[in-house]
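Below: one structure, written as structure tokens.
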Amino acid sequence: MVSVNTLKRGLHKGIATTWLLTKVVVPIYVAITFLSFTPVLNKIAEDCAPFMKYVGLPGEASLAIVLGNVVNLYAALGVMASLHLNPRETTIIAMMLLLSHTIFVESAVAGKCGINPWIVGISRFIFAVIAGVLLNILL
């Protein structure tokens with residue numbers, strides 16, 4: 001049975017953790033959302049287009065990966081819906097985004113949890129690329 005004291009401690013720790021995460025997530029989300037209204041994200045997508053052949057995706061899919069990594073999965077889904085990807089391409093991009101979505105926000109959260117955010121972000125990106133290349137070969 002849960003005592004009142006345990007419930008109070010748990011509630012206090014939950015609110016403290018939520019506040020800590022909010023102080024990290026909200027500023028990053030606002031900054032990245034602001035960048036999405038500038039030409040910066042489109043430039044990144046254009047620069048990534050030649051790389052996309054290695055993961056078996058059309059160049060336009062780089063925008064979905066960039067937005068999925070920088071903004072959120074919903075932005076990536078919006079781009080994916082407009083691209084008319086076949087099931088193979090959808091599987092590849094979904095797996096890559098599964099491994100690396102919202103990479104900046106989640107790396108910052110990992111940093112606040114005591115994990116090196118650079119290692120988290122870079123390793124997630126590398127694993128996403130490896131998964132994309134492997135799926136391109138296997139599918």
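The values are calculated or read from the model by the stated rules, or taken from the named source; none is laboratory data. Given the structure is predicted, the values throughout are model-derived calculations rather than measurements. Methodologically, a virtual Cβ is constructed for each residue, glycine included, from the backbone with ideal geometry; neighbour enumeration extends over all protein chains shown.
Structure data summary
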| item | result |
| --- | --- |
| Filter pass, ALA64 being without any contact (Cβ under 8 Å) to a residue 12 or more places away in the chain, among the hydrophobic types (A, V, I, L, M, F, W, C) and surrounded by 14 or more Cβ atoms within 10 Å (Cβ to Cβ) | no |
| Test result for MET95, under 17 Å from the mean Cα position of the chain (by Cα) and either of a type outside the set (Gly, Ala, Ser) or at pLDDT 85 or above (or both) | yes |
| Subset tally (residues that are touching a helix residue (DSSP H, G or I) at 6+ places or on another chain (Cβ under 6 Å) and at pLDDT below 90) for the stretch 49-60 | 3 |
| The one condition in (1) in contact with a helix residue (DSSP H, G or I) (Cβ under 9 Å, 6 or more places away or on another chain); (2) farther than 27 Å from MET95 by Cα; (3) among the hydroxyl-bearing types (Ser, Thr, Tyr) that THR38 fails to fulfil | (1) |
| Residues satisfying the stated conditions in the stretch 82-94, i.e. surrounded by fewer than 23 Cβ atoms within 10 Å (Cβ to Cβ), of a type outside the set (Ser, Thr, Tyr) and under 22 Å from VAL40 (Cα atoms) | LEU83 |
| Filter pass, TYR74 being surrounded by fewer than 20 Cβ atoms within 10 Å (Cβ to Cβ) and within 19 Å of VAL120 (Cα to Cα) | no |
